[in-house]
Amino acid sequence: MTITNALTSSNDEKGFDFFSYYSLMSKEKVILSYKGPITNVLLSEFGKDVRFKLQQKKRIGKKVFSIFMEVTQNILFYSKEMNHFGNNDKVGTIVVVELKDHIKILSGNLITKKSIDSLLKKFETIQTLDREALREYKRELRDAPSEEESRGAGIGLVQIALISDELEASIKNLNDEYAFFSLAIQVKT
């Protein structure tokens, strides 16, 4: 197979069609799409980019930026996937896309299976609360002693729930040790 054929082949033997990915990215108004190591420098640069691209929508832009920072910090603090090429940076995926009537923020990273129960419990609690109860829950978490692996006791998830119009989480088991945790967040425009 020649290089030209390999690059233009729409039926890759490994199951990934890069042109389909490109087409999808071109069809939607993608503000940011990234998969890789997360560093404080990248966090800052991506944050500037998100703000710049949403500067015409100040109120929405502030919400999206705040949520973006929370999900990115979650990856930075909690991802169990590491980039071993240098600084052992945490790895995750972040996508911010503008759709017809909302902006969707997607994030995902590896977590340990032992953290699933605690995470699900917090998420289920968050889903049952209204705005005022969420504010109270956030205060309770802030005052509670932090858990072994937690840097914020789940406050970031509560903050996202307060800011967003819709919050969904999913966990996909990968093996005996790890699972993939993802968030899908919507902010109406």
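The values are calculated or read from the model by the stated rules, or taken from the named source; none is laboratory data. These figures come from a predicted structure and were not determined experimentally. Cβ sites come from the backbone with ideal geometry, for glycine too, and all protein chains shown count toward neighbours.
Against the condition within 24 Å of Ala179 (Cβ to Cβ) and touching a residue at least 24 places away in the same chain (Cβ under 8 Å), how does Ile60 come out, does it pass? Give the steps one after another, and end with the answer.
Values: within 24 Å of Ala179 (Cβ to Cβ): no; touching a residue at least 24 places away in the same chain (Cβ under 8 Å): yes.
No, not satisfied.
Just one of Arg131, Arg139 is touching a helix residue (DSSP H, G or I) at 6+ places or on another chain (Cβ under 9 Å) and either at pLDDT below 95 or farther than 27 Å from Leu42 by Cα (or both); which is it? If you could, list the steps in order and put the result at the bottom.
On the way: Arg139 fails: touching a helix residue (DSSP H, G or I) at 6+ places or on another chain (Cβ under 9 Å).
After applying the criteria, what remains is Arg131.
This table checks each residue for (1) more than 22 Å from Val30 (Cα to Cα); (2) touching a residue at least 40 places away in the same chain (Cβ under 8 Å).
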site: His84; (1), (2): yes, no
site: Asn87; (1), (2): yes, yes
site: Ile94; (1), (2): no, yes
site: Leu134; (1), (2): yes, no
site: Gly156; (1), (2): yes, yes
site: Gln159; (1), (2): yes, yes
site: Leu167; (1), (2): no, yes
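Would you point out the residue of segment 81-136, among those that are β-branched (Val, Ile, Thr) and outside any strand (DSSP E or B), that is nearest to Val50 (Cα to Cα)?
Checking each candidate, the answer is Ile126.
For residues that are under 30 Å from Asn87 (Cβ atoms) and touching a strand residue (DSSP E or B) at 6+ places or on another chain (Cβ under 6 Å), scanning just segment 51-65, find the one that is modelled with the highest pLDDT.
Looking at the filtered set, the residue picked out is Val64.
Show the residue pairs that are 6+ apart or on different chains and have beta-carbon atoms under 7 Å apart, the first residue being within segment 12-37 and within 24 Å of Lys100 (Cβ to Cβ), the second being modelled with pLDDT under 80.
Filtered contacts from segment 12-37: Ser33/Met25.
Please state which of the following conditions Gly92 fails to meet, knowing it meets all the rest: (1) exposed (fewer than 14 other Cβ atoms within 10 Å of the Cβ); (2) within 12 Å of the chain's Cα centre (by Cα).
Exception for Gly92: condition (1).
Counting only residues that are touching a Ser or Thr at 6+ places or on another chain (Cβ under 9 Å) and polar (S, T, N, Q), which one in segment 16-41 is nearest to Leu54 (Cα to Cα)?
Within segment 16-41, the match that is nearest to Leu54 (Cα to Cα) is Ser33.
Could you list, in sequence order, all residues of segment 96-119 that are touching a residue at least 60 places away in the same chain (Cβ under 8 Å), hydroxyl-bearing (Ser, Thr, Tyr) and surrounded by fewer than 18 Cβ atoms within 10 Å (Cβ to Cβ)? Spell out the reasoning first.
Residues of segment 96-119 that are touching a residue at least 60 places away in the same chain (Cβ under 8 Å), as a first pass: 96-99, 101-113, 116, 119.
Checking which are hydroxyl-bearing (Ser, Thr, Tyr) leaves us with 107, 112.
Matches in segment 96-119: Thr112 only.
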